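The values are calculated or read from the model by the stated rules, or taken from the named source; none is laboratory data. Just so you know, these numbers come straight off a predicted model, no measurement behind them. Note that each Cβ is placed from the backbone with ideal geometry, even for glycine, and that neighbours are counted across all protein chains shown.
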Amino acid sequence: MGTNHDEAPILDALDRYHSAKELAFTPPGHKQARGADPRARRVLGDAVFYGDVLATGGLDDRLERDGVLERAEKLMAHAVHADHTFFSTCGSSLSVKAAMLAVTCPGNSLLVGRDAHKSVIAGLILSGVEPVWVEPAWDATRHLAHPPSAEAYEKAFTLHPEADGALITSPTPYGAAADLRAVAEVCHRRGKPLIVDEAWGAHLPFHDDLPTWAMDSGADVCVTSIHKMGSGLEQGSVFHLQGDLIDPATLASRADLLGTTSPNVLIYAGIDAWRRQMVQHGHELLSHALELAKRTRGAIEELGGFHVEDAEDFCGPGLAAEFDPLPVVIDISALGVTGYRAADRLRAHHHIDAHLFDHRRISAQLTHADDEETTGRLLDALKDLRTHADELRGGPQVAVPAPAELRMDQALLPRDAYFDAHTDVATEQAVGRIAAEMITPYPPGIPAVLPGERLTEPVLRYLTTGVEAGMNLPDAADPRLRTVRVVASS
């Protein structure tokens with residue numbers, strides 16, 4: 001197959017489907033919008049329904065003889081310097097699980113950065129794989145975790161040479177990136193594969209002023225969310241493979257095991273269109289985005305009361321290796337206002353939704369889609385936030401532990417604790433008990449408590465004071481954390 005990036009195989013196939021006036025006696029039941037509720041058609045538009053066709057036996061024939069998806073995946077692989085690419089309509093939450101199960105198996109172990117997303121933890125629970133936790137690079141002053149260092153993975157492999165491979169998250173939702181080349185070298189010196197959860201890095205292959213792309217750094221498998229920093233639709237994800245440490249057929253089989261048999265062609269089309277857009281115009285679009293981010297960062301800093309976290313804050317010995325400036329992370333601690341209250345005001349008074357928020361920060365994610373109008377609205381809203389800071393001060397404060405106090409003993413495997421008989425106990429009585437659930441401040445979705453960890457007072461205090469201050473814990477059995485789900489026998 002040639003590499004004509006003017007082509008968008010999935011979009012082109014949709015165009016042919018409509019031109020041929022294909023008549024489907026198959027799902028989806030709305031039959032090209034004809035059966036859809038008119039009220040839904042008014043809100044969603046008919047284009048949504050027109051693009052919603054079967055992938056096999058619709059977009060392509062019953063034996064996929066046109067190779068529509070295969071050609072789209074090969075074009076994406078070529079665009080990002082991978083050997084193989086797989087599309088997923090189930091988000092990177094599925095893609096990272098497939099990658100893990102292609103590297104390791106039940107009863108074996110995997111090195112995992114403890115700053116992993118909850119989807120990684122879900123993979124551990126489903127698989128029965130034993131995690132060997134690798135400590136992030138903690139910034140105790142800013143109460144922030146950056147990706148673990150290569151030295152941390154070296155130490156973990158020295159202590160656990162039996163581990164089947166390693167997983168690292170880079171960049172983080174805050175824009176901090178690891179030295180992936182060094183981490184890959186640590187793995188490959190032992191013949192072990194490296195998985196990179198690069199969900200926030202869809203844009204990285206397309207501009208040299210961004211952190212180094214995982215495939216260019218020697219990673220074996222890389223998982224990317226096209227919907228986060230790209231132009232794809234929600235749930236659009238790809239995972240890339242290179243080298244000979246992982247069998248492509250095995251990776252495809254693991255994805256098939258976990259994925260849907262009814263993939264949404266609209267999501268496929270969004271991924272396909274993003275690849276073409278970036279190959280043809282990505283450098284120009286991202287240059288504009290980076291310049292806009294630079295101006296916006298400077299303008300926010302000049303407002304007073306705000307500090308925009310930059311490479312000087314995030315990078316250096318013991319911290320991150322590289323930095324993505326498009327997540328505009330704003331420390332508002334000088335205002336004396338929590339990020340929770342600030343985010344609520346931005347939405348209520350300015351209809352602006354913050355990307356991330358915690359006890360002292362808010363974040364505004366910029367992409368190639370932003371311009372002076374959108375950043376102007378952001379600046380106006382931040383000016384108003386500063387003006388009304390007095391009204392937002394006070395209230396509960398989050399008791400953030402020191403890094404050493406955040407880490408708890410992994411007394412049971414995540415899978416064993418999650419599926420064991422459990423009971424709900426009052427939070428003040430949970431100290432010393434073994435957690436049977438994930439408890440995850442969201443966003444960004446990095447669990448503070450994992451199944452199998454022995455609960456401690458500092459972590460429970462952090463979470464309970466966090467809830468009082470406005471923290472969201474959507475996956476806890478009791479989101480208000482009056483009770484905690486624990487292993488009954490613990």
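H78 meets the conditions (1) part of a helix (DSSP H, G or I); (2) in contact with a strand residue (DSSP E or B) (Cβ under 7 Å, 6 or more places away or on another chain); (3) at pLDDT 95 or above in every case but one. The failed one is (2). Residues in segment 385-425 that are modelled with pLDDT of 95 or more, acidic (D, E) and surrounded by 13 or more Cβ atoms within 10 Å (Cβ to Cβ) were compared, and the one that is nearest to G304 (Cα to Cα) is D424.
The residue of segment 172-193 that is surrounded by the fewest Cβ atoms within 10 Å (Cβ to Cβ), among those that are touching a helix residue (DSSP H, G or I) at 6+ places or on another chain (Cβ under 8 Å) and over 26 Å from V329 (Cβ atoms), is R190.
State yes or no: is Y153 assigned to a helix (DSSP H, G or I), out of contact with any His (no Cβ under 6 Å at 6 or more places or on another chain) and hydroxyl-bearing (S, T, Y)?
On the way: assigned to a helix (DSSP H, G or I): yes; out of contact with any His (no Cβ under 6 Å at 6 or more places or on another chain): yes; hydroxyl-bearing (S, T, Y): yes.
So Y153 fits the description; yes.
For segment 41-66, the set of residues classified as loosely packed, with under 14 Cβ neighbours inside 10 Å and more than 17 Å from L23 (Cα to Cα) consists of R42, V43, L44, G45, L63, R65, listed by residue number. Inside segment 119-149, residues that are surrounded by fewer than 19 Cβ atoms within 10 Å (Cβ to Cβ) and part of a helix (DSSP H, G or I) make up a count of 1.
Hey, does segment 66-88 have a residue that's hydroxyl-bearing (S, T, Y), more than 20 Å from Q242 (Cα to Cα) and in the same structural domain as G270 (by TED's automatic domain parsing)? So that I can check it myself, show each step before the final result.
Initial filter on segment 66-88 (hydroxyl-bearing (S, T, Y)): 85, 88.
From what's left, more than 20 Å from Q242 (Cα to Cα): none.
No, segment 66-88 has no match at all.
Inside segment 207-240, residues that are among the acidic types (D, E) and part of a helix (DSSP H, G or I) make up a count of 1.
Criterion first (touching a residue at least 24 places away in the same chain (Cβ under 8 Å), within 30 Å of L413 (Cα to Cα) and not β-branched (V, I, T)) does G58 satisfy it?
Values: touching a residue at least 24 places away in the same chain (Cβ under 8 Å): yes; within 30 Å of L413 (Cα to Cα): no; not β-branched (V, I, T): yes.
So G58 does not fit the description; no.
The condition (being of a type in the set (G, A, S), farther than 23 Å from V329 by Cβ and touching a strand residue (DSSP E or B) at 6+ places or on another chain (Cβ under 7 Å)) is satisfied by just one residue among A273, A252, A269, A293: A252.
For segment 334-385, how many residues meet the condition of being more than 18 Å from P444 (Cβ to Cβ) and of a type in the set (A, V, I, L, M)? It would help to see each step written out before you state the result.
Start the filter on segment 334-385 by keeping residues that are more than 18 Å from P444 (Cβ to Cβ), which leaves 334-337, 341, 345, 348-352, 368-385.
Filter once more, keeping what is of a type in the set (A, V, I, L, M): 334-335, 337, 348, 352, 369, 378-379, 381-382, 385.
Looking only at that region, the number is 11.
None of L180, L194, L144 is more than 23 Å from K97 (Cα to Cα) and either touching a residue at least 24 places away in the same chain (Cβ under 8 Å) or among the charged types (D, E, K, R) (or both) except L144.
Applying the criterion of being among the polar types (S, T, N, Q) and outside the structural domain of L266 (by TED's automatic domain parsing) to the residues of segment 1-56, the residue that is farthest from H78 (Cα to Cα) is N4. In this structure, L241 does not qualify as surrounded by fewer than 20 Cβ atoms within 10 Å (Cβ to Cβ), in contact with a Pro (Cβ under 8 Å, 6 or more places away or on another chain) and modelled with pLDDT of 95 or more. The residues of segment 309-327 that are crowded, with 23+ Cβ neighbours inside 10 Å, within 15 Å of R142 (Cβ to Cβ) and among the aliphatic types (A, V, I, L, M) amount to a single one, A320.
Going by the conditions given, is A182 within 18 Å of the chain's Cα centre (by Cα) and either over 26 Å from S237 (Cβ atoms) or assigned to a helix (DSSP H, G or I) (or both)?
So A182 does not fit the description; no.
Of all residues in segment 1-40, which are part of a helix (DSSP H, G or I) and surrounded by 10 or more Cβ atoms within 10 Å (Cβ to Cβ)? Listed by number, the residues that qualify are P9, I10, L11, D12, A13, L14, D15, R16, Y17, H18, A40. One residue alone among Y462, Y418, Y442 is outside the structural domain of R360 (by TED's automatic domain parsing) and within 15 Å of I125 (Cβ to Cβ), and that residue is Y418. Where helices (runs of 4 or more DSSP H) fall wholly inside segment 373-490, the ranges with 2 or more residues that are at negative phi and under 23 Å from the mean Cα position of the chain (by Cα) are 403-406, 414-419, 457-469.
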